[in-house]
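Bear in mind that the values in this text are calculations on the coordinates, not laboratory data. Here the structure is a predicted model, which is why all the values come from computation and not from measurement. Every residue, glycine as well, gets a Cβ built from its backbone with ideal geometry; the counts of neighbours run over all protein chains shown.
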Amino acid sequence: MASHGLRPVTDEGRRIDPADPAEARRALHDLLDRCLDRLDSARALPWQPPPGDLPGRVALGDAPQSDLTGALAHDVLPFGTGNTHPRFWGWVHGTGGHAGLSAAVAAATVNANLGGRHQGAVEVEKALIDWTRRVTGFPSGAFGICTTGTSQATVLALAAARQVAFPAVRQDGIGALPPLRVYAAEGAHSCVSKALQVMGHGASALVTVPAPGGAMNPKALRAAIRADRAAGRHPLAIVGTAGSVTLGTFDPFPALVDIARDQGLWLHADAAFGLWTRLAAPPWQGLSAGLERADSLATDFHKWIGAPYDCGMCLVRDGEALRRTFSERPPYLESAAEGLAAGETWFCDYGLELSRGFRALGPWAVIRSAGTAALGAWITDNCRQAALMGALAKASDLLDLAAPVVSNVCVFAPRRGDAAAIAAQLQLDGTAVFSTARVGGRDCLRAAIVNHRTTSQDVAHAMAAVEAACSRRP
Ligand SMILES: *Cc1c(COP(=O)(O)O)cnc(C)c1O
């Protein structure tokens, strides 16, 4: 028989696999130990600026480089944002942890593509969706999809709202639509405006509704809807915020639900981190009451549930509406009755991505190992810590509390010195990470506490350092 050229080629079939599997195993065990060392010493490892020579150290050439474990340990592990440190409260950064590490290892190993097909990973994502649906209080017909985060989930949710209002939009595009309007409180996250921009409606499709004290004013919302209708514009949706980014405030969902129903508008909830107060003790548990009657929701697991980046979720009350918005099956994606192309749920029908990672595994692992009660106790701790921080700011001669502490966010202004300079000093000396915000025209330090490693002592320590930094300034 002719050989057809089937002579063995030395490295065929293992060109990028390790040459020495035993050595590769040792190296990976070594890496895992270093990762665990890093997690175990999170308290001793605040943010540090990346060194000036890092670009050269991580530069890619053409030749293979040895010692991947060393490169990961020396060039990658030390130079994150430090959000694993217990006094990291800047922006809204989650802390990650052991369960997420386990999930990342398993996810990279199975290397599942969650676009569709008949595979076990789909059941994990569905289990996460179902758990989140129950926390949210949505009915059993609700469905959703894991996204990179709330920003992407907002695009999906508003696209579903638009598809329900204008079923022909997928075919005809937006040229045939009246000018749409979406309403959100002042202080709503910029992802709402960006969603409207990418959907082709422009930033001017977003109507900013006054929100005295951080909560959308329902009367002003009704007036804005009325004015838009009178001007020939089409009010499409209301975006209620559960946990605003600057102040951690909540829109009045019961009033928003009434207006949405009465006016025939879609109600979307931006609950990126605020959803999880539903797991906390009273009074925080009740902050988002009414949100369970929204039409859609966007949330994040990488902020307050401690899952590794990135994972958020879009959840839609009528799951079929989301499917109708995105389902598209050319012949190469047809499902089959049996075999690998079977499977009832193909997530490519529910969003923009076809190839998509196993990002559901991180939150699934955290929730599975911690349980809802421990997650709730942690979230309650963070809200108490923010209240403590607020009380310390209020009691200080050097600080002014900028707004009442409602949930896990505390914002205060230094009476002396500049907020940005004080924040930078505390970041650089490794004491604590605050970000900054402008409230009532004043530059403030802001803490959004979503950190499962934080203790009340950390809060007291950081506030003493803030006061010391203020007192050194003119
Ligand atoms: C973080 C955040 C977003 C954006 O979420 P990403 O996961 O970063 O895309 C939207 N809204 C609020 C209230 C947020 O805190």
Practice item. Within segment 1-98, list the trypsin sites (Lys or Arg not before Pro) lying in a DSSP loop whose Cβ has at most 15 other Cβ atoms in a 10 Å radius. Key: Arg14, Arg15
Revision key, fill the gap. In debye to the nearest 20, the charge dipole size for the chain, taken about the Cα centre with +1 at each Lys and Arg Cβ and -1 at each Asp and Glu Cβ, equals 1300 debye
Exercise for review: Take the alpha carbon atoms of segment 407-457, find their center, do the same for segment 109-152, and report the distance between the two centers in whole angstrom.
Suggested key: 35 Å
Check your understanding: How large is the dipole of segment 155-280 about the Cα centre if only Lys and Arg carry +1 and Asp and Glu carry -1, each at its Cβ, rounded to the nearest 20 debye?
Key -> 180 debye
Practice item. Net charge near Ala437: determine it from the other residues with C-beta under 9 Å of the C-beta of Ala437, scoring Lys and Arg +1 and Asp and Glu -1. Key: +1
**Study point:** Directionally averaged projected area (convex hull, Cα atoms, segment 329-474), nm²
**Key:** 13.4 nm²
Check your understanding: If you stretched the chain out fully between Ser355 and Ala230, how much longer would it get, using 0.36 nm times the residue separation minus the C-alpha to C-alpha distance?
Key -> 40.6 nm
Practice item. Let me know the charge dipole size of segment 13-124 about its Cα centre in debye, to the nearest 20, where only the beta-carbon of Lys, Arg (+1) and Asp, Glu (-1) is charged. Key: 280 debye
Point to revise | Phi to ³J(HN,Hα) by Karplus 6.51 cos²θ - 1.76 cosθ + 1.60 over segment 52-64, Hz, x for Gly, Pro | key: x, 8, 4, x, x, 5, 9, 4, 9, x, 9, 7, x
Point to revise | Charge dipole (the chain, unit charges on Cβ, about Cα centre) - positive-most of Gly61, Ala370, Ala387 | key: Ala387
Review point. So for Lys303, Lys394, Lys126, fewest C-beta neighbours within 10 Å to most, what's the order?
Key: Lys394, Lys126, Lys303
Study note, to complete from the structure: Under the Karplus relation with 6.51, -1.76 and 1.60 and θ = phi - 60°, whole-Hz ³J(HN,Hα) for segment 305-312, x at Gly and Pro, equal 9, x, 7, x, 5, 10, 7, x
**Study point:** Dipole of segment 46-200, positive direction: furthest Cα of Gln163, Ala188, Thr84, with charges on the beta-carbon
**Key:** Gln163
Exercise for review: Collect residues whose amide H, placed 1.01 Å from N in the peptide plane, falls under 5 Å from the amide H of Val439; neighbours closer than 5 in sequence don't count.
Suggested key: Cys444
Check your understanding: Mind checking which lysines have their C-alpha under 16 Å from Lys126, skipping anything on the same chain fewer than 8 residues away?
Key -> none
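I'd like to verify something in the chain: which complete DSSP H helices, judged by Cα projection on the helix axis, reach 24 Å or more and average at least -1.0 on the Kyte-Doolittle scale?
Membrane-span-like by this criterion, though nothing is claimed about a membrane: 21-40, 120-136, 361-395.
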Study note, to complete from the structure: Expected vector for segment 73-83, Karplus 3J(HN,Hα) from phi with 6.51, -1.76, 1.60 and θ = phi - 60°, integer Hz, x for Gly and Pro, equals 5, 9, 9, 10, 3, x, 10, x, 7, x, 6
**Study point:** Unit charges at the beta carbon, dipole of segment 1-118: most positive-side option, Ala71, His118, Gly97
**Key:** His118
Practice item. Would you mind checking which residues have amide H under 5 Å from Ala215's amide H? H placed 1.01 Å from N; only 5 or more apart, or other chain. Key: none
Check your understanding: What residues have an amide H closer than 5 Å to that of Ala272, excluding those fewer than 5 places away on the same chain, when H is modeled at 1.01 Å from N in the peptide plane?
Key -> Ala242
Exercise for review: Taking GluC sites (Glu not before Pro) as candidate sites, keep only those in a DSSP loop with at most 15 other Cβ atoms within 10 Å, then name the longest stretch of the chain containing none of them.
Suggested key: 13-185
